[in-house]
Structures are given as structure tokens and as C-alpha cells.
Amino acid sequence: MPQRFKRARAQLIELIREKGITNERVLRAMGKVPRHMFLESGLHGRAYEDHALPLILNQTISQPFTVAYQTSLIDAQPREKVLEIGTGSGYQAAVLAELGARVYSIERHEALLQRTNAILDGLGYRVLTRLGDGTKGWSAVGPFDAILVTAGGIEVPQALLEQLREPVEGKPHARLVIPVGGHNGQTMLRITRTGPDSYEEEAFDEFRFVPLVGS
Ligand code: SAH
């Protein structure tokens, strides 16, 4: 990996740490992923500012702090099977892959996905992606240890709850992290599957994501 931006990346990680992210595994993973490579070349110089930035088709790459926040809530463990909804730039998927998770990701925009697949491949990240409506999950490869939604929905899709695996002794419970709310902001929720028919919900801070568009 080119040394370019190494210093800027290290400074970004320190900033995110100061903003309250304490999960060292997440900070280390984000310190390895070259965020500029997921952006158009005209935006490379801004890749290590803590801002969301534009992608094609009116979509955005999430703010690094938000990626750190969601990734900390999911706390993906090595070998865990993780589904991301909203591949977008591919940056979040790459961070999950750096954590050693087996990453699956769904995106609804074909042009964006083709571009992103090429970037992930080029960087050597093994992420299995699919074009489609992520609100339905990916039942053919589920159930998942964790599901991370990176677009804001008005409710929690039932299919995603069903595709969280049931509790297994000695393993962390399966969890879904999803921003839920209206147009002007969403509350970050973490829903943990504690039994075949039981789930626990925790509410965290407010964020503002691009809309989750689906059935
Ligand atoms: N995780 C991305 C953030 C992308 S923004 C990153 O790291 O860059 C959210 C993405 O979700 C957009 O690309 C949008 O097209 C996609 N999206 C919105 N609704 C969707 C749905 N129902 N299924 C799959 N993707 C969806």
C-alpha cells in the first residue's frame, strides 16, 4: 500500500479516538484502510477529513466517525459472518474485512456496485456483494452473526431480524445495527437476538443517513 496519506490517516484515527471511540480493534482496522481509494481522485485530498463525501448517483460515503461508531456497536469478530446493507463506496465493507469478518454486502445501485467491486478487488479485500434490495436480507447465505445497515430506514425490516442467527453457547449473540427514523435524522439502534423469539433493543445517538430505499 502506498505510503501516501499515511500520516493524514493516523491523524484521523486520533481525532476519532478523541471523539469517543475506544474500540482499539476498530481504530486499528480503520488505520489500515486507504479511504482515499474509495473516492473519486478529485476528492483524495479530503479523504482523511472527518466528513461524509459524495459518491456517484447522489449517494455518500459515511463520515469516518460514523463508520467507527457503527463498527464499534457491531464489534465484528474474526470469522464472523457479517451482512452489510448499502455497499456504497465499499469503505465500510473493507473495514469489516480488516477485522477478519466474512463480509457480504448488498447495494441497490448497479453502476455504483460495479465500480466498488473493482476497487475492493484491486485492494485485495474479499467481500461478496450482490445487487438488490437489502431490506430483504440475503437468506441464501444467512443466518448472520451480525447485520449492519448503512442507510436510514423508517422501520426495522423483519427479514433482517429473522436472518440473525439464534444464540449458540460460547458465541456472542447475533446483532443488527440500524439507524431508524425520519428524513431529518435517525436513532442508531442495536437489536440483539437473545432467543428464537426474543430480541433486545438498545438506542444510541442520532445520525443522518441517506434513505434506505426498499420494500
Ligand atoms: N456503507 C457505505 C455507505 C453508503 S451510503 C460506504 O461505506 O460507503 C448508503 C448506500 O445504501 C447507498 O449506496 C444506497 O444506494 C444504498 N441503499 C439504500 N437502500 C438500499 C437497499 N434497500 N438495499 C441495498 N442498498 C441500499
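Every number in this text was worked out from the coordinates using simple rules, so none of it is lab data. The shown structure was predicted, so the numbers you read here are calculated from the model rather than taken from an experiment. As a convention, Cβ positions derive from the backbone with ideal geometry for all residues, glycine included, and neighbour counts pool all protein chains shown.
Any chance you could give the angle, 0 to 90 degrees and rounded to 10, that helix 6-18 forms with the longest Cα principal axis of the chain?
Approximately 40 degrees, to the nearest 10.
If one takes the longest principal axis of the Cα atoms in the chain, at what angle in degrees, from 0 to 90 and to the nearest 10, does the Cα axis of helix 64-74 lie?
Tilt of helix 64-74: around 30 degrees.
Taking Rh as the Kirkwood radius computed over C-alpha pairs, what is the Stokes-Einstein D of the chain at 20 °C in a medium of viscosity 1.002 mPa s, expressed in µm² per second?
Numbers: Rh = 17.2 Å.
So the translational diffusion coefficient is about 125 µm²/s.
Give me the extension gain from D75 to S139: residue separation times 0.36 nm, minus the current Cα-Cα distance, reported in nm with one decimal.
Numbers: separation 64, 0.36 × 64 = 23.04 nm, distance 2.20 nm.
Stretched out fully, the D75 to S139 stretch lengthens by 20.8 nm.
How would M37, M30 line up from fewest to most surrounding beta-carbon atoms within 10 angstrom? Walk me through the numbers on the way to the answer.
On the way: M37 21, M30 24.
Least crowded to most crowded, the residues run M37, M30.
Ranked highest first by the average count of other Cβ atoms within 10 Å around their residues, in what order do 45-58, 192-205, 82-95, 99-112 fall? Let's see the in-between values first.
Working: 45-58: 14.9, 192-205: 12.4, 82-95: 26.9, 99-112: 20.7.
Going by the mean number of other Cβ atoms within 10 Å, highest first, we get 82-95, 99-112, 45-58, 192-205.
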